[in-house]
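K.L.:
Sharing a structure here in structure tokens format.
The values are calculated or read from the model by the stated rules, or taken from the named source; none is laboratory data. What you are looking at is a predicted structure, and each value in this text was computed from that prediction instead of being measured. We place every Cβ from the backbone using ideal geometry, glycine too, and count neighbours over all the protein chains shown. Protein only, heavy atoms only, side chains kept; ligands, DNA and RNA dropped before computing areas. Shrake-Rupley method; radii C 1.70, N 1.55, O 1.52, S 1.80 Å.
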Amino acid sequence: MADHDPVEARIADSFAAADAPTWNGLAGSADPFLSHAFFATLEESDSIGEHSGWTPLPLLVNRAGKTLGAAPAFLKTHSQGEYVFDQGWAEAWARAGGDYYPKLQIAVPFTPVVGRRLLGEEPELILATAEAVVRQNELSSAHVTFLTAEEAAAAEARGWLVRHGVQFHWHSAGERNFDGFLERCSSRKRKVIRKERAAAREGLTFRHLRGAEIGAAEMDAMWLFYQDTGSRKWGRPYLTRAFFELAVERLGDDLLLFLAEREGRPIAGALNWVGTDTLYGRYWGCSEDVPFLHFELCYYQAIEWAIAHGRGTVQAGAQGEHKLARGYEPVLTYSAHFIPHAGFRSAVADFLRQEREAVAYELEALRAELPFRKD
């Protein structure tokens, strides 16, 4: 295979139709949300599909019969489940007489975690493919959300607009246990954290279940917790019941469930995904309101588990300045946006310049609020 061999780009009919070993070879094993099994489970469970406004369009780039790159792409007819909010852009485009939807979205559905999105070693080929799909189908735009800093730089080099956001991640400093993490904190913050944990744990027992250890009863409980939280936050939950049923079978040890129980009855749960170096906290819910239980189950136990199992990072979801006081540090996130219409692109670029300045100021202010000792 030579570099001058022609490149062929194609769109697979579905994730299930894409070759799993080839996809996983490009994705690697570090990030559980990039696995072929994860996308196929979303598809088979009817969590994504044309009916949901997430029509799968997996992009594949080949040269001389070999697949060089891939991307989890979708035709989107709305902006829900993305966590990078562009509804204002859609409204402005509509006021100007244009159709913002459908758009091309390269993303992990309903999952605001930072990771690779342009799979393979030649991301510029995937970006060029996305640009061609937009132009050939007269779409308004293409978007890549929660991509890595390196991928964002590659997109910016091609003229894509790059947007900044802020999330809160916990990073290991080589602690050997949770007490080691507390030693990094100021005396006052240590006392607050210990007080919160004691209040949250009073009268409760906790279980950590991974993969096959998660039984039907435990997943039934987590489904009810997820439904309650999803209904309050998004209007309706994104994932179907079938996803929860298939996940344990298909995703195995990628799944880690924290349960809080009162007298043997689950009252709260946090469903996590396990990566090679990162624990990803994703879904939480409860049937009983217990002070600080959310912090205990989603933040403190996540840190504790990560330390015990050699994970250097915890990503605990989008937003949430309350994570700062629990040791989660503010980090920049990136999204990239291809807008071929010159006038619309110019307006969005002006907005993003101002927004990036505000985000930079916010990031510095947030870092000053971390609970760690100044020495």
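K.L.:
In the full protein assembly as shown, how much of D350 is accessible to a 1.4 Å probe, in Å² to the nearest 10?
P.N.:
Roughly 70 Å² of D350 is accessible to a 1.4 Å probe.
K.L.:
Using a Cα-Cα cut-off of under 18 Å, which aspartates and glutamates could be cross-linked to K66, ignoring same-chain neighbours fewer than 8 residues away?
P.N.:
Qualifying aspartates and glutamates at Cα under 18 Å: D3, D5, E8, D19, E121, E122, E124.
K.L.:
Now a separate question. Based on the inverse mean of 1/r over its pairs of different Cα atoms, what is the Kirkwood hydrodynamic radius of segment 114-199, in Å?
P.N.:
16.7
K.L.:
Calculate log10 I(q)/I(0) of segment 201-322 for q = 0.19, 0.21 Å⁻¹, where I(q) comes from the Debye formula with a single equal point scatterer on each Cα and nothing for solvent.
P.N.:
Taking Cα atoms of segment 201-322 as identical point scatterers yields -1.08, -1.33.
K.L.:
May I ask you to rank D99, D220 by accessible area, largest first, using a 1.4 Å probe over the protein chains only?
P.N.:
D99, D220
K.L.:
Related question: Pairs of alpha-carbon atoms within less than 8 angstrom and 6+ residues apart define the contacts here; what relative contact order does the chain have, in percent?
P.N.:
Relative contact order comes out at 20 percent.
K.L.:
Evaluate E = 1/(1 + (r/R0)^6) for E138 and T205, where r is the Cβ-Cβ distance and R0 equals 51 Å; express this FRET efficiency to the nearest 0.05.
P.N.:
It comes out at approximately 0.30.
K.L.:
Which of the aspartates and glutamates could a cross-linker span from K191 if the Cα-Cα distance has to be under 13 Å and same-chain partners fewer than 8 positions apart are dropped?
P.N.:
D179, E183
K.L.:
Which one, L256, C298, T276, is farthest towards the positive end of the dipole of segment 243-375 when Lys and Arg carry +1 and Asp and Glu -1 on their Cβ?
P.N.:
T276
K.L.:
Can you pull the accessible area of E245 for me, 1.4 Å probe, Å² to the nearest 10?
P.N.:
110
K.L.:
Separate question: Using the Kirkwood radius built from alpha carbon pairs, what does the Stokes-Einstein equation give as D for segment 24-143 at 20 °C and 1.002 mPa s, in µm² per second?
P.N.:
Estimated diffusion coefficient is 142 µm²/s.
K.L.:
Now for a separate question. If you take the Cα Rg of the chain and divide it by 2.2 N^0.38 Å, with N the number of residues, what do you get?
P.N.:
The value comes to 1.02.
K.L.:
Using a 1.4 angstrom probe, figure out how much accessible area the chain has per residue, in square angstrom, rounded to the nearest whole.
P.N.:
Accessible surface, normalised per residue, equals 44 Å².
K.L.:
So how strong a dipole does segment 327-370 carry about its Cα centre when Lys and Arg Cβ are +1 and Asp and Glu Cβ are -1, to the nearest 20 debye?
P.N.:
260
K.L.:
Then there's this: Tell me the accessible surface of T77 in square angstrom (1.4 angstrom probe, heavy atoms of protein chains only), to the nearest ten.
P.N.:
Its heavy atoms expose roughly 80 Å² to the probe.
K.L.:
Which whole DSSP H helices in the chain pass both tests: a Cα extent of 27 Å or more along the axis and a mean Kyte-Doolittle value no lower than -1.0?
P.N.:
Passing helices, by number: 342-367.
K.L.:
I've got another one for you. Please compute, over every Cα-Cα pair in segment 1-41, the percentage with a separation greater than 17 angstrom.
P.N.:
42
K.L.:
Taking all protein chains in place and a 1.4 Å probe, what share, in percent, of the accessible surface of segment 161-303 do carbon and sulfur account for?
P.N.:
About 49 percent, which is the carbon plus sulfur part of the accessible surface.
K.L.:
How long is the gain from S187 to S172 if the chain were fully straight, where each residue apart is worth 0.36 nm and the alpha carbon distance is subtracted?
P.N.:
3.5 nm
K.L.:
To continue, here is another question. Run the numbers for R353 and E156: contour at 0.36 nm per residue of separation, minus the present Cα-Cα distance, in nm.
P.N.:
My answer for the length gained is 69.6 nm.
K.L.:
From the P(r) of segment 155-198, can you give the percent of Cα pairs sitting at distances over 14 Å?
P.N.:
So the portion of pairs separated by more than 14 Å is 66 percent.
K.L.:
Along segment 53-62, what does the Karplus equation 6.51 cos²θ - 1.76 cosθ + 1.60 (θ = phi - 60°) give for ³J(HN,Hα), rounded to whole Hz, x for Gly and Pro?
P.N.:
Values, residue by residue: x, 10, 7, x, 9, x, 8, 10, 10, 10 Hz.
K.L.:
A follow-up question, please. Using only DSSP helix segments of four residues or longer, with each worth -39500 (n - 2.57), what per-residue ellipticity at 222 nm results for the chain after dividing by its residue count and rounding to 500?
P.N.:
Calculated from helices alone, the mean residue ellipticity at 222 nm is -11000 deg cm²/dmol.
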